[in-house]
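Only one structure is covered here, and it is reproduced in the block below.
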Amino acid sequence: MAMQIEFKSVSADYQLGPIKSKNVLKDVNLKIKTNRVTVIIGKTGSGKSTLLKLMNGLILPTSGEVKIDEHVIHSKVNKQTLKNIRADLGMVFQFPEAQLFAETVLDDIMFGPLNFGDTQESAKEKAKEVITQVGLSESIFTKSPLELSGGQKRRVAIAGVLATHPKSLILDEPGAGLDPSSKKKILDFLKSWQIRKNATMVMVTHDIEEVVNYADDLIVMKNGEIIFHDSVYSILSNLSPDNQWGIALPEARLLQLELEKKLGFKFDKICLTANQLAEQIERKGLA
Amino acid sequence: MKNLLLGRYIALSSIIHRLDPRLKLVVTLLFIASVLLINNWETLIFLIVITFILMKLSQIGFKIYLKGIKPLIYLILFTVVLQVLFKAGGEIYVEWGIIKISSYGIEHGIFVFFRFVLIIILSTILTLTTKPIQITDAIYFLLKPLKLFKAPIEDITLMLSIALRFIPTLLDETERVMQAQMARGVTFGEGNLLKQMQSLTPIFLPLFANSLNRAEEMANGLEVRGYQVGKKRTSYRSLIFAKKDGVAFFLMIIVIVILFFLRA
């Protein structure tokens with residue numbers, strides 16, 4: 001079942017210290033499309049992480065409200081509503097391996113389901129189910145999370161969130177700090193999880209290649225405001241490499257522009273990925 | 001978490017900020033000692049007034065000092081209640097078994113309350129107006145005599161400055177881990193004491209593991225940059241004891257002398 005995530009004139013502050021707080025989100029209105037992957041990009045401090053944390057009530061809005069299905073998060077929301085939301089909305093933090101604490105991988109994955117009221121047996125069932133989804137085998141269950149490699153830890157941490165059977169998933173840079181192949185594996189299984197569950201997925205990233213390869217919709221943030229929210233293709237295809245918002249274009253698009261300049265012709269279609277570009281080149285009879 | 005005042009410094013340029021950190025440290029310690037000298041209303045009011053003046057001079061709002069007291073308020077109230085209930089003397093208002101509420105007990109309760117509050121505020125004035133690195137420099141200076149006994153003062157102060165430097169980092173990290181576990185369905189501050197204690201495991205274990213990792217990285221970082229235990233070190237920050245520091249120290253002595261006169 002798809003989840004509705006909607007922001008109605010939401011403002012939020014970020015606590016910088018005991019005295020200072022900064023207004024990071026200003027009157028944000030937003031409706032995230034269901035059953036799609038929406039990626040949020042923007043410079044550090046533009047409010048991306050705050051936007052994510054607002055979605056499951058880890059930060060409360062100073063004004064306005066966030067609607068998650070029939071639940072409403074506002075400045076004075078009660079704990080039970082938040083627990084209900086969190087049970088439905090899985091959240092994977094930046095460097096989620098920092099949350100691993102149990103003695104064994106199995107215990108750690110079962111931790112979330114047990115908190116949300118599963119029995120031991122059903123929590124274990126869910127752990128078995130997700131461990132293969134993240135590309136690991138049950139043999140890892142008895143190990144301590146601390147003895148795993150970086151990529152494995154990340155996968156176990158994500159498995160711990162998937163095990164709660166969320167209806168939607170929010171991720172803060174799931175690939176950060178990993179080697180390229182581990183990163184690709186993680187994004188691949190997240191994407192396939194999203195397609196299989198027909199879930200809504202919201203993800204923050206800094207990597208435009210991840211955007212074009214995994215996202216359907218794109219949100220661009222700047223200084224606490226949303227400056228673009230549309231499909232990836234319609235936003236990126238209208239941008240020049242030196243656009244005023246400092247949004248990077250994917251390599252394939254840059255190569256396409258370079259080819260057009262060098263060879264003096266126009267492709268029929270704007271390409272954002274290597275696949276699309278290869279197809280266009282073939283069609284032009286250049287290959 | 002970020003509301004905690006522990007180890008935070010507020011950059012301003014008040015007269016208190018500009019005093020020599022060594023002086024501030026010594027004066028704070030003396031002040032805290034003199035708070036313990038409170039034994040009648042005159043001494044209490046005198047020290048409250050002095051503390052009030054110091055707070056004003058620091059240019060930091062009173063609200064912020066209140067934030068420093070807030071986390072400890074239950075401890076303070078608990079002690080006050082014990083004083084009121086069990087200290088007998090003077091006129092007795094209520095007597096019930098071993099519990100006696102007396103004029104003497106109430107008076108002592110008030111003294112204990114203000115002793116706590118004053119000690120917290122005075123030490124907060126020091127930490128809010130002095131950079132952690134300056135406090136370390138001051139401690140280094142004051143520990144120097146121990147060098148005669150071959151104590152590793154340099155290493156102690158380095159450890160201290162690293163510890164101080166990591167307080168805000170650790171607080172931020174605690175908040176992050178807490179949020180991550182909350183997203184996995186942990187609710188803090190609910191249920192009985194045992195349940196609340198149990199909900200702390202998912203915070204402290206990752207925190208310890210991460211801190212150990214960080215300590216190792218830090219140690220490697222120090223080593224590759226040529227740090228050697230026990231080597232003599234120099235500092236580019238030199239502390240200067242100026243005229244205003246002398247004046248401040250003189251005032252402190254006067255305060256202590258007056259206190260001794262006011263004491264019962």
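Using amide H atoms built in the peptide plane, which far-off residues or other-chain residues are under 5 Å from residue A:202 H to H?
Long-range HN contacts for residue A:202: A:38, A:169, A:170, A:171.
If you build a Gaussian network model of chain A, linking Cα atoms that sit under 10 Å apart, which residue out of A:218, A:272, A:239 swings the most?
Top of the fluctuation ranking is A:239.
Taking every DSSP beta bridge with both residues inside the protein assembly as shown, roughly what % is antiparallel (nearest 5)? Could the numbers behind the result be given before it?
Details: 26 of 44 bridges.
Within the protein assembly as shown, antiparallel bridges account for around 60 percent of the total.
Mind jotting down the distance between the C-alpha centroids of the range B:108-158 and the range A:40-87, whole Å?
Taking the Cα centre of the range B:108-158 as reference, the centre of the range A:40-87 is 41 Å away.
Looking only at other chains, what is the average number of their beta-carbon atoms within 10 angstrom of each beta-carbon in B:202-208?
4
Using only DSSP helix segments of four residues or longer, with each worth -39500 (n - 2.57), what per-residue ellipticity at 222 nm results for chain A after dividing by its residue count and rounding to 500?
Mean residue ellipticity, 222 nm, calculated: -11500 deg cm²/dmol.
When each pair of different Cα atoms in the range B:78-227 is counted once in the 1/r mean, what is the Kirkwood radius in angstroms, to one decimal?
One over the average 1/r among Cα pairs gives 20.4 Å for the range B:78-227.
Which whole-number percent gives the relative contact order of the range A:47-166, counting Cα pairs below 8 Å spaced six or more residues apart?
About 27 percent, as a whole number.
When only C-alpha pairs under 8 Å and at least 6 residues apart count, what is the relative contact order of chain B, in percent?
Reported as a whole number, the value is 29 percent.
How long are the semi-axes of the equivalent ellipsoid of the range A:162-204, taking √(5λ) for every eigenvalue λ of the Cα gyration tensor, in whole Å from largest down?
On the way: eigenvalues 72, 25, 14 Å².
So the three semi-axes of the range A:162-204 are 19, 11, 8 Å.
Just the C-alpha atoms of the protein assembly as shown: what Rg/Rh do they give, with Rh taken as the Kirkwood radius? Let's see the in-between values first.
Numbers: Rg = 29.8 Å, Rh = 28.0 Å.
Reported Rg/Rh, Kirkwood definition of Rh: 1.07.
Picking from A:117, A:201, A:214, whose Cα lies most toward the positive end of the charge dipole for the range A:117-271 (charges on Cβ: Lys, Arg +1; Asp, Glu -1)?
Result: A:117, furthest along the dipole toward the positive end.
Between the DSSP loop rule and a limit of at most 14 other Cβ atoms within 10 Å, which trypsin sites (Lys or Arg not before Pro) in the range A:186-287 are left?
Those satisfying the criteria are A:266, A:269, A:284.
Which lysines, on any chain, are close to residue B:231 with Cα under 26 Å apart, when same-chain ones fewer than 8 places away are left out?
Of all the lysines, those that pass the test against residue B:231 - Cα under 26 Å, at least 8 places apart if same chain - are B:131, B:144, B:147, B:150.
Please give the direction-averaged projected area of the C-alpha convex hull for the range B:153-224, in square nanometres with one decimal.
Computed as one quarter of the Cα hull surface, the answer is 6.1 nm².
Go through B:167, B:156, B:206 and say which Cα lies farthest out towards the positive end of the charge dipole of the range B:153-224; charges sit on Cβ, +1 for Lys and Arg, -1 for Asp and Glu.
Most positive-ward Cα: B:206.
How well do other chains shield peptide B:175-182, expressed as the mean number of their Cβ atoms within 10 Å of each residue Cβ? Intermediate values should be presented prior to the final figure.
On the way: counts 2, 5, 4, 2, 7, 14, 5, 8.
That works out to 6 on average.
Can you quote the Å³ per residue value for the convex hull of the Cα atoms in the range A:1-101, rounded to an integer? Provide the component values of the computation, followed by the final result.
On the way: hull volume 13.8 nm³, N = 101.
For the range A:1-101, the hull spanned by Cα atoms encloses 137 Å³ per residue.
How would chain A be classified by its alpha-carbon gyration tensor: rounded, prolate or oblate, with rounded meaning a/c under 1.5 and the a/b versus b/c comparison settling the rest?
Oblate shape, in that a/c is at least 1.5 and b/c is the bigger or equal ratio.
Which pairs break 22 Å Cα to Cα here: A:22/A:222; A:33/A:124; A:22/A:183; A:184/A:266?
Over 22 Å apart, Cα to Cα: A:33/A:124; A:22/A:183; A:184/A:266.
Compute the Cα gyration tensor for chain B, then decide on rounded, prolate or oblate, letting a ≥ b ≥ c be the square roots of its eigenvalues: rounded whenever a/c is under 1.5, prolate when a/b is larger than b/c in the other cases, and oblate in all that remain.
oblate
If a helix is a whole DSSP H run, which ones in chain B reach 18 Å or further along their own axis (Cα) and hold a mean Kyte-Doolittle hydropathy of at least 0.0?
The qualifying helices are B:21-35, B:41-57, B:73-86, B:103-129, B:153-183, B:201-224, B:243-262.
Per residue, how much space in cubic angstrom lies within the convex hull of the C-alpha atoms of the range A:173-238? Don't skip to the answer; put the middle values down first.
Details: hull volume 6.2 nm³, N = 66.
Measuring per residue, one finds 94 Å³ for the Cα hull of the range A:173-238.
Please identify the trypsin sites (Lys or Arg not before Pro) of the range A:61-114 that satisfy two criteria: DSSP loop assignment and at most 12 other Cβ atoms within 10 Å. Which are they?
Loop-located and lightly packed - A:76.
Tell me what chain B gives for mean residue ellipticity at 222 nm when only DSSP H runs of n ≥ 4 count, each as -39,500 (n - 2.57), the sum divided by the residue total, rounded to 500 deg cm²/dmol.
For chain B, the value works out to -22500 deg cm²/dmol.
Counting pairs of alpha carbon atoms under 8 Å apart in space and at least six apart in sequence, what relative contact order in percent does the range A:5-248 give?
Answer for the range A:5-248 is 26 percent.
Which longest run of chain A has no exposed loop site in it, a site being chymotrypsin sites (Phe, Trp or Tyr not before Pro) in a DSSP loop with at most 15 other beta carbons within 10 Å, and the site itself not part of the run?
A:1-244
Rounded to the nearest 20 debye, what is the charge dipole size of the protein assembly as shown about its Cα centre when +1 sits on each Lys and Arg Cβ and -1 on each Asp and Glu Cβ?
On the way: 66 positive and 51 negative charges, 320 e Å.
Roughly 1540 debye, rounded to the nearest 20.
Applying 1/(1 + (r/R0)^6) with R0 = 35 Å to the Cβ-Cβ distance of residue A:273 and residue A:138, what FRET efficiency is obtained, to the nearest 0.05?
The pair residue A:273/residue A:138 has a calculated efficiency of 0.50.
Which of the chymotrypsin sites (Phe, Trp or Tyr not before Pro) found in the range B:39-116 are loop residues per DSSP with 13 or fewer other Cβ atoms within 10 Å of their Cβ?
Answer by residue number: there is no such site.
Since every read-out is calculated from the coordinates, none of them should be taken as a lab result. On a predicted model such as this, the values are computed, not experimentally measured, just so you know. Virtual Cβ from ideal backbone geometry, glycine too; neighbours counted across all protein chains shown.
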